[in-house]
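The values are calculated or read from the model by the stated rules, or taken from the named source; none is laboratory data. Since the model is a prediction, treat every value here as computed from it, not as a measurement. Reconstructed Cβ throughout: ideal geometry from the backbone, glycine too, with neighbour counts over all protein chains shown.
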Amino acid sequence: MFNPDPQYISAFFPVSLLPVYLASASILLTTLFLLLHDPLRHIPGPALARWTPLWLGHQARVGNRYLAIDSSAQKFGPIIRIAPGHVSVAHADAVGVVYSHAQGSKPAYEKSTFYDSFIAGKPSVFSTRDRKDHSYKRRIVAQAFSYRALEQFSPFIKVHIAKFIDKMDSFCITEESLNIVTWIHYMTFDVLSDLAFGEPGGMLASGSSFVSVQKGNEIFKDEDAIALIDGREHLSAVLGISPWFPWLAKIIPDSFYSNSFEATERLSDLARQNVIKRMGSGTYRADILGKLIEAHLSNGEEEADMIPDLVAETVTLLTAGSDTTASSTSALIYLVATHRQVYRKLLGELMSAVDGEAVPSAAQVKDCIYLQAVVNEGLRVYSTVSTGLPRVVPEGGVEFLGVHIPAGTEISVPAFTIQHDKAIWGDPEVFRPERWLQSAEQAQYLSRYLLPFSKGPRACVTSAIRTFTSLDLHIHSLAYMEIQLILATVILRYKIELQSELESMEAFAHKATRLMVKLSLRG
Ligand code: HEM
């Protein structure tokens, strides 16, 4: 029975523990208050994700975010909570709302604080969240990716593909197995550093991803540039999930964090050394860096003032453009090699379009409609950027399937889940390029839900020009051109014997990591 005697009570609840009682009571009351006033309490999701960002943080850290969100959507339904203030909407209707341009009085959805973790010194076109700043930066960067610029880039790309096949030919002679993902990554890094910095990284030549990185006057040992890019990208994808994470990461004893912080610094050093070298050379070259410098100068900026911006943009270009292209192309090689009918049809089209040259030209593959359909289908199945890209719900909130999501909520539409949605694709697990060639209307409908480059004002800067004429899907972009040229070259030149499955993991992008093959000349 309860005894109200103070001595009896203090025997069980010593006064010295008063601060502990008060802290526990306030945690309990705060939790209760949050539960009752939680504006997202009607949205289901993994239990831990309702209360802390740790669920999403863990999935991002182990490289499993898109698969965990996909299976949670199967379990809880299309609209789920993946962090305390973050809702994932895996429904076709959400694509055109969340990633659309502003329409009349409806503003575009802005990027969320997730992108702050991608800032290297100064915000770049990719990481800035400010609408005006983005429009300004995008205008400058877009000049480097115009249709005319694209035509000027094609010879640069061909040179590196020619170097790539020299290496692959030597593997044919020695009959060695190779991880083709690594070699394609060397090539896409060389292409991008050539276009972005004016000189190739030299990875194909050395057969290694190590480059020399300098900080100030100090010479650093050679650094693994691909590891730097991977480290920076993965770190940002984890830290962006919560404003606490950058702080927590500094005290957690996990070398992933310390190594990745270091990688971020080194990558900026690499970009800075190349920008300064180019500006000091006083020469003009029709590459991305040349075009960026030209655009800044035409805005009346002084050379010294533009260096931090140029460093931020070139770090972005290296990170955004090399492993995405390498992973997409590697996945396509795997998918074509495992689908004999597709392989035969593609080879037939390429043989009649390309006249015996080792490396086809952009003009030769431009009208290869089956090749374009294969690329679209491969990007859909593999999903190079599989995750939902976080945006913020604007004033007034939004409703999907009768579920209200209030203003200020972080929202994302998971690309992998949309690209594998039965309601849109019918047979999403089947790699079937023909689905893109049924009719122009069908291709236009499907391309609304093809998200590798995202949509709207923050879509990939290389996804610019797309036209549909009758059955033709003409897509002009640096990424498409590179993927098409590499895939066409490999299919035309080699017989591919697969020696492993395609292995991959997710950092920010969905990275191909290993595909063992044996190549022989097709003769
Ligand atoms: C297959 C290859 C590629 C894929 C799948 C891809 C995918 C994407 C995606 C999904 C975004 C939007 C990201 C977001 O909203 O968070 C993006 C943005 C961007 N990408 Fe790509 N990308 C590819 C190649 C490239 C290349 C080759 C470059 C440049 C050399 C590039 C430069 C950029 C830039 C600058 C942005 C930021 C655009 C903005 O916010 O205005 N990407 N990319």
Picking from Ala83, Ala142, Ala162, Ala120, which residue would you name as being in contact with a Pro (Cβ under 6 Å, 6 or more places away or on another chain) and either on the phi > 0 side of the Ramachandran plot or touching a residue at least 24 places away in the same chain (Cβ under 8 Å) (or both)?
Ala83
Taking segment 102-155 as the search range and keeping residues that are among the charged types (D, E, K, R), closer than 22 Å to Leu267 by Cβ and not in a helix (DSSP H, G or I), which one is modelled with the lowest pLDDT?
Lys122
Give segment 135-150 a look and list any residue that's among the aromatic types (Phe, Trp, Tyr) and more than 9 Å from the ligand (Cβ to nearest atom), or say none.
Tyr136, Tyr147
Which one is farthest from Val125 (Cα to Cα) among residues in segment 296-314 that are of a type in the set (A, V, I, L, M, F, W, C) and modelled with pLDDT of 85 or more?
Leu297
Looking only at segment 410-420, decide whether some residue is part of a helix (DSSP H, G or I), touching a residue at least 24 places away in the same chain (Cβ under 8 Å) and more than 20 Å from the chain's Cα centre (by Cα).
no
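For (1) outside any strand (DSSP E or B); (2) farther than 24 Å from Tyr66 by Cβ; (3) at pLDDT below 95; (4) small (Gly, Ala, Ser), each residue gets a yes or a no:
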| residue | (1), (2), (3), (4) |
| --- | --- |
| Ala479 | yes, no, yes, yes |
| Ile486 | yes, yes, no, no |
| Glu497 | no, yes, no, no |
| Ser504 | no, no, no, yes |
In segment 91-109, is there at least one residue being touching a residue at least 40 places away in the same chain (Cβ under 8 Å), surrounded by fewer than 20 Cβ atoms within 10 Å (Cβ to Cβ), within 14 Å of the ligand (Cβ to nearest atom) and not polar (S, T, N, Q)?
yes
So if I check each of Ile157, Ile173, Ile161, which one is out of contact with any Ser or Thr (no Cβ under 8 Å at 6 or more places or on another chain), surrounded by 20 or more Cβ atoms within 10 Å (Cβ to Cβ) and either among the acidic types (Asp, Glu) or more than 30 Å from Ile43 (Cα to Cα) (or both)?
Ile157
If I ask for residues that are away from the ligand (no atom under 16 Å from the Cβ) and either in contact (Cβ under 8 Å) with a residue 12 or more places away in the chain or under 24 Å from Arg148 (Cα atoms) (or both), which ones from segment 302-335 would you list?
Glu303, Met306, Ile307, Pro308
Would you mind stating whether Glu265 is away from the ligand (no atom under 15 Å from the Cβ), under 24 Å from the mean Cα position of the chain (by Cα) and assigned to a helix (DSSP H, G or I)?
yes
For Gly63, state whether it is touching a Lys or Arg at 6+ places or on another chain (Cβ under 9 Å), surrounded by 11 or more Cβ atoms within 10 Å (Cβ to Cβ), farther than 25 Å from Leu401 by Cα and at pLDDT 75 or above.
yes
Tell me which of these Gly57 doesn't satisfy, since it passes every other one: (1) touching a strand residue (DSSP E or B) at 6+ places or on another chain (Cβ under 6 Å); (2) crowded, with 20+ Cβ neighbours inside 10 Å.
(1)
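Does at least one position in segment 329-349 carry a residue that is assigned to a helix (DSSP H, G or I) and closer than 22 Å to Ile69 by Cβ?
Just the residues of segment 329-349 that are assigned to a helix (DSSP H, G or I), to begin with: 329-337, 340-349.
Next, from what is left, pick out any that are closer than 22 Å to Ile69 by Cβ: 331.
Within segment 329-349 (the criterion being assigned to a helix (DSSP H, G or I) and closer than 22 Å to Ile69 by Cβ), the answer is yes, since at least one residue qualifies.
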Looking only at segment 448-463, decide whether some residue is free of Cβ contacts under 8 Å to residues at least 24 places away in the same chain and part of a loop (DSSP other than H, G, I, E, B).
yes
Being buried (at least 22 other Cβ atoms within 10 Å of the Cβ), at pLDDT 90 or above and small (Gly, Ala, Ser): is that true of Ser236 here?
yes
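Would you confirm whether any residue within segment 443-450 is of a type in the set (Lys, Arg), modelled with pLDDT under 95, more than 26 Å from Leu67 (Cα to Cα) and more than 13 Å from the ligand (Cβ to nearest atom)?
So the first thing to find is which residues in segment 443-450 are of a type in the set (Lys, Arg), and the list is 448.
In the following step, the residues that additionally are modelled with pLDDT under 95 were identified as 448.
Right, trim to more than 26 Å from Leu67 (Cα to Cα) and you get none.
No, there is no match, as no residue in segment 443-450 is of a type in the set (Lys, Arg), modelled with pLDDT under 95, more than 26 Å from Leu67 (Cα to Cα) and more than 13 Å from the ligand (Cβ to nearest atom).
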